[in-house]
Amino acid sequence: MKILVYGAGAIGGYLGAILTAAGEDVTLVARGAQYEALSTRGIRLEGPKSGRPDPIKVKVCKPGEEKGPYDTVFVTLKSQQIAEAAQHIRGLAAKDGVFVFPQNGIPWWYFQGIESKYKGTQLKTVDPEGVLLRTFEPQRIVGGVALKPADMVAPGHIKLPDADTDALVIGEIDNSVSERVQAIAAMTTRAGWNGKVVEDIRKAKWSKLVGNAVWNSLGALTQSTARETAEFAATRLLAVEMMREVIAVAASVGTKLDADPEALVSGVAKRVSLPTSTLQDVRAGKPLEMDAIVNVVLELGSLTGVATPALNVVAACVNLLNQRISVDGVAIRPVKRG
């Protein structure tokens, strides 16, 4: 299997590194300082289980230098970055190739591949111009959920706080269980990241989003980890209410989650946690992945008539923060007083 990992950030870099170490034919696509680090030093993985004693030398190229076609293309860009590169990515796969999308949040293809009263609905929050709907055929899409906290502490250096729940969850968007998803899951399992095939990839996405919509948003606003946010009394109450709203919106589009917000927040308060990917982006001055994580939930709530007052307020604040970062070009980092 010839594999491309398009986007060598924390998750893409980790995936490309372990697949390479396992002997797979993998190319990573990177740019800037990340490309320089990967091409000269490789990828350093730091973690109690995932860590490696030496950097892993990987095959890396810049966008436009790929030597396809590829059988499997893992698109590990942030959700808001996919549309701009969509036509290019689409041309990199073999005739029967597959695109695996493990982004956080609700994807543009949510109402494709299954029967629904909302079938064919374009989610304008995550695909405002319909570029993604037009570019990627539903039958070539594999949905994914990356359960693996990862922090890119420096170009080519990824910190991984390993957990028993770490997994790459994948599934066909028509809820079938195919040979191709089983083969992809087996490959990542062999490499050291548990590949898990599910029949309902939408439920898997909502299950992660219940936490992401809360911790990513509140963490970005407060410069806090999920644990710190869960431990503080006022934000704990807000987190519980936000989770209730996400669960209600999920149910309104056909996904019932067996989730107890109080228990989920209590569990987070007991765990060691890294800054969320959104907080990492705030500190790096990068645009935030809010459309797929929060704003699309508001869109779905509006579509189905579910009220989301807590999410609305938090989203307004995070979207303004995102505007400051994107338009004004600022990075917001905590600085300890001397």
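Some observations on this one:
- Screening the chain for DSSP H helices whose Cα atoms reach 30 Å or more along their own axis and whose mean Kyte hydropathy is at least 0.0 gives 201-222.
- Each DSSP beta bridge with both residues in the chain is either parallel or antiparallel, and the antiparallel ones are about 30%.
- Set LYS205/LYS256; LYS78/LYS256; LYS159/LYS196; LYS159/LYS336 screened for pairs whose C-alpha atoms are more than 20 Å apart: LYS78/LYS256; LYS159/LYS196; LYS159/LYS336
- Region 178-252: C-alpha gyration tensor shape, a/c 1.5 cut-off, then a/b vs b/c: oblate
- Per-residue Cβ neighbour rank within 10 angstrom, fewest leading, GLU289, GLU199: GLU199, GLU289
- Annotation: the residues PHE232, PHE111, PHE99, sorted from fewest to most other C-beta atoms within 10 Å of their own C-beta, follow the order PHE232, PHE111, PHE99.
- Local net charge near LYS286, Cβ-Cβ under 15 Å (Lys/Arg +1, Asp/Glu -1): -1
- Taking each residue as 0.36 nm, the span from ALA284 to GLU129 lengthens on full extension beyond its C-alpha to C-alpha distance by 53.0 nm.
- Reference-scaled alpha-carbon Rg (2.2 N^0.38 Å with N residues) for the chain: 0.95
- Charge sum, other residues only, whose C-beta stays under 13 Å from PRO334's C-beta, Lys/Arg counted +1 and Asp/Glu -1: +3
- In terms of other Cβ atoms within 10 Å, VAL214, VAL335 run from fewest to most in the order VAL335, VAL214.
- DSSP bridge orientation in region 2-199 - percent antiparallel, rounded to nearest 5: 30
- Cα centroid separation, region 235-277 to region 30-101 (Å): 31
- Rounded to the nearest 20 debye, the dipole magnitude of the chain is 720 debye, with +1 charges on Lys and Arg beta carbons, -1 on Asp and Glu beta carbons, and the Cα centre as origin.
- Shape call, region 1-74: gyration tensor on alpha carbons, a/c limit 1.5: oblate
- Derived scalar couplings ³J(HN,Hα) [region 107-114; Karplus, 6.51 cos²θ - 1.76 cosθ + 1.60; whole Hz; x for Gly, Pro]: x, 4, 7, 3, 9, 9, x, 9
- Dividing the summed helix terms, -39500 (n - 2.57) for each DSSP H run of n ≥ 4, by the number of residues in the chain produces a 222 nm estimate of -13000 deg cm²/dmol to the nearest 500.
- DSSP-loop GluC sites (Glu not before Pro) across region 39-129, with at most 16 other Cβ within 10 angstrom: GLU65, GLU115, GLU129
- Region 204-328: C-alpha gyration tensor shape, a/c 1.5 cut-off, then a/b vs b/c: oblate
- Volume of the Cα convex hull of region 2-199, divided per residue and given in Å³: 114
- Residues with amide H under 5 Å from that of ARG44, placed H, sequence gap 5 or more: ILE56, HIS157, ILE158
Readers should treat all values here as calculations from the given coordinates under stated rules, not as data from a laboratory. What you see is a predicted model; the values in this text were computed from it and never measured. Heads up, the Cβs are rebuilt from the backbone with ideal geometry, glycines too, and the neighbour counts pull from every protein chain shown.
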